[in-house]
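In what follows, a single structure is set out as structure tokens and then discussed.
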Amino acid sequence: MSKASTITVLGAGYVGLTTGALLAHCGYKVYLIEPNKERLDVIKQGRSFFYEDGLDPVIKLALDSGDLVPTNSYEKSVPHSDVVFSCVGTPDNPDGSSNLNYVFGAAEEAAKHAKPGTIYVQKSTVPVGTGKKVEELFKKLNKKIDYVSNPEFLREGTAVYDTLYFDRVVVGGDNKSAVDAIIDIYIQLEKFRDHIAHIAGVPVGPRGDQYIGTSLNSAELIKVTANAFLALKISFANSIAVLADKAGADVVEVMDAVGADNRIGRAFLNAGRGYGGGCFPKDVSGLISSGLEHGVNLEIMQAAQAQNQAMPGYIVEKIQDAVGGQLSGKKVAVLGLAFKAGTSDVRKSPGVALANLLAKAGAIVASYDPQANEEAAADLHKDIKQANSIKDAIGNADVTVLATEWAEILEYSAVELAKHMKGTVLMDAVNQYNAVSATTAGLTYVGVGRI
Ligand SMILES: NC(=O)c1ccc[n+]([C@@H]2O[C@H](COP(=O)([O-])OP(=O)(O)OC[C@H]3O[C@@H](n4cnc5c(N)ncnc54)[C@H](O)[C@@H]3O)[C@@H](O)[C@H]2O)c1
């Protein structure tokens, strides 16, 4: 096909909103379809409905120029588009498998309106084999649409930067000209990326520009395998942390030295409360489930999942030991509810799990997060008090738990903590607070796998 000029993005969540807003600065007209009215209304005002560094100015400018058009209408957007990016959610079913209702629903609706020759790009994370099924659907609907898998690797918190300065772009598909057309879009993004970085106020990155063309099935498997491997590293570090606790070693010292080996690398070897968010937990369970569907028992991932699920309970036991065995009636401040720093996302957040477990154990819990208080409200145990500041949360606390690695939390002075708390226990569930400063201020520092 000739070069794409008009693009529709389906789903204005973390992935779709970022993708759509950035592409609208690269010479494309971008329609952004979002059926959720509340989300759509916020986007139409020129901002994101979640916290993401640098995204709002990019949305605002693209709206003002008319190059980004948020809508709920397939009819008004898809027929004009050369390329459709599907960025709809793929949550987990109660049994851990991937819920593909949005994926197939969006594909069917788009197919109804697509002109012949449209390229349909799957950015959502889907189990291997899904693309072939969508291709069959298009055939059944008698639609000439080329299907391409282009899995997304952005991280919440650095979504704009990651999209502009990607490590690699994976594009899988059987039709070479469709694959090339999608690669062209990223080459176009490369031309504009420094300019967009300035608008967003994010750093200008290194020139990462690796393009990897694969088969459709491989592209789908690459995405879940990458996330599963990162989750595996975290759970591995956590299992070593539990051993370090028993054996009197320090997991940070261990992983610093282990990770200094270039073959291993230090990233994702931080022990602590485990992984959460809208991706790792469901991608791990989706991979396990997709393995079972093919008669493959991925026990290694089952072990990683079990280790992760055990971490909040393990940490609560450590807190219980630190306060002499009884949590009931103890005042505990939980600092950090977002599943990681840099986002307001609380999906499957370990901080929320910790706060809830503590409340269930009878502790009097106050929680605080720099960005996620509002999003966490519905998930928190009804007795948890949401504080407006760190100081407000820790006042008179017996225990403070650091549950998310926000700079505001990690940089909060140990002297101030000690001054406002009633007790002395500081549970560092992310293993990133300065233990020496805590001890010097008279706090009892407890980490995960730390001496
Ligand atoms: N969030 C991340 O960091 C991240 C990173 C890489 C990949 N992914 C993957 O990308 C996909 C999207 O993730 P997300 O976090 O952006 O999800 P999300 O839940 O934030 O957003 C999905 C959006 O799609 C909308 N939607 C549902 N049905 C639709 C339809 N038929 N047409 C148009 N829109 C529809 C929803 O209303 C929602 O706003 C998932 O498969 C996820 O695994 C996410």
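The values are calculated or read from the model by the stated rules, or taken from the named source; none is laboratory data. Small disclaimer: the values here were computed from a predicted structure and weren't measured. Cβ coordinates were reconstructed from backbone atoms using ideal geometry, including for glycine residues, and neighbour counts include every protein chain displayed. Each accessible area value is taken on the protein alone, full model and side chains, heavy atoms only, with ligands, DNA and RNA left out. Shrake-Rupley method; radii C 1.70, N 1.55, O 1.52, S 1.80 Å.
Sum up the charges of everything whose Cβ sits under 13 Å from the Cβ of N150, counting Lys and Arg as +1 and Asp and Glu as -1, but leave N150 out.
Local net charge: -2.
Give, as a single signed number, the net charge of other residues whose beta carbon lies under 12 Å from the beta carbon of Q309, with Lys and Arg counted +1 and Asp and Glu -1.
+2
How charged is the neighbourhood of T163? Take every other residue with its Cβ under 9 Å from the Cβ of T163, and add Lys/Arg as +1 and Asp/Glu as -1.
-1
Run the numbers for S65 and Q309: contour at 0.36 nm per residue of separation, minus the present Cα-Cα distance, in nm.
83.2 nm
Ignoring everything except DSSP H segments at least 4 long, calculate the 222 nm mean residue ellipticity for the chain; use -39,500 (n - 2.57) per segment, divide by total residues, nearest 500.
Per the formula, -13500 deg cm²/dmol.
Which of K340/K385; K123/K233; K29/K132; K60/K340; K37/K282; K143/K348 have a Cα-Cα distance over 31 Å?
K143/K348
How big is the equivalent ellipsoid of the chain along its three axes, where each semi-axis is √(5λ) from the Cα gyration tensor, reported in whole Å from largest to smallest?
42, 24, 20
With a 1.4 Å probe and every protein chain left in place, tell me how much accessible area F166 has, in Å² to the nearest 10.
10 Å²
Within the chain, what is the longest stretch that has no trypsin sites (Lys or Arg not before Pro) placed in a DSSP loop and near at most 10 other beta-carbon atoms within 10 Å?
Of all site-free stretches, the longest is 1-206.
Roughly what would the spin-label model give for N396 and E136, points 7 Å off Cα along C-beta, in nm?
6.3 nm
Using a 1.4 angstrom probe on heavy atoms only, work out the carbon and sulfur share of the accessible area of the chain in %.
53 percent
Give me the one-decimal Kirkwood hydrodynamic radius in Å for the range 6-214, with the sum taken over alpha-carbon pairs.
17.0 Å is the Kirkwood radius here.
Roughly how big is the range 168-298's charge dipole about its Cα centre, with Cβ charges of +1 (Lys, Arg) and -1 (Asp, Glu), in debye to the nearest 20?
Result for the range 168-298 is approximately 100 debye, rounded to the nearest 20.
One quarter of the convex hull surface, Cα atoms only: what value does that give for the range 1-53 in nm²?
With every direction weighted equally, the projected area is 4.0 nm².
For Cα pairs less than 8 Å apart in space and 6+ apart in sequence, what is the mean separation divided by the residue count of the chain, i.e. the relative contact order in percent?
12 percent.
Can you pull the three principal axis extents for the Cα set of the range 157-273, in Å, largest first?
Computed over the range 157-273, the largest-to-smallest principal extents equal 57, 37, 24 Å.
If you stretched the chain out fully between E408 and N93, how much longer would it get, using 0.36 nm times the residue separation minus the C-alpha to C-alpha distance?
Additional length available on full extension: 109.9 nm.
Taking the alpha-carbon centroid of each part, what is the distance from the range 11-89 to the range 363-408 in angstrom?
With the range 11-89 and the range 363-408 each reduced to a Cα centre, they are spaced 32 Å.
Keeping all protein chains in place, calculate the accessible area per residue for the range 87-201 (probe 1.4 angstrom), answer in Å².
Per residue, the range 87-201 has 42 Å² of solvent-accessible surface.
Roll a 1.4 Å probe over the protein heavy atoms and report the accessible area of H420 in Å², nearest 10.
Approximately 40 Å² for this residue.
Can you pull the one-decimal nm distance between simple spin-label points at V436 and E317, each 7 Å off the Cα toward Cβ?
Label at V436, label at E317, 3.2 nm between them.
Roll a 1.4 Å probe over the protein heavy atoms and report the accessible area of T444 in Å², nearest 10.
Roughly 70 Å² of T444 is accessible to a 1.4 Å probe.
How large is the accessible surface per residue of the range 247-446, computed with a 1.4 Å probe and reported in Å² as a whole number?
That works out to 43 Å² for each residue.
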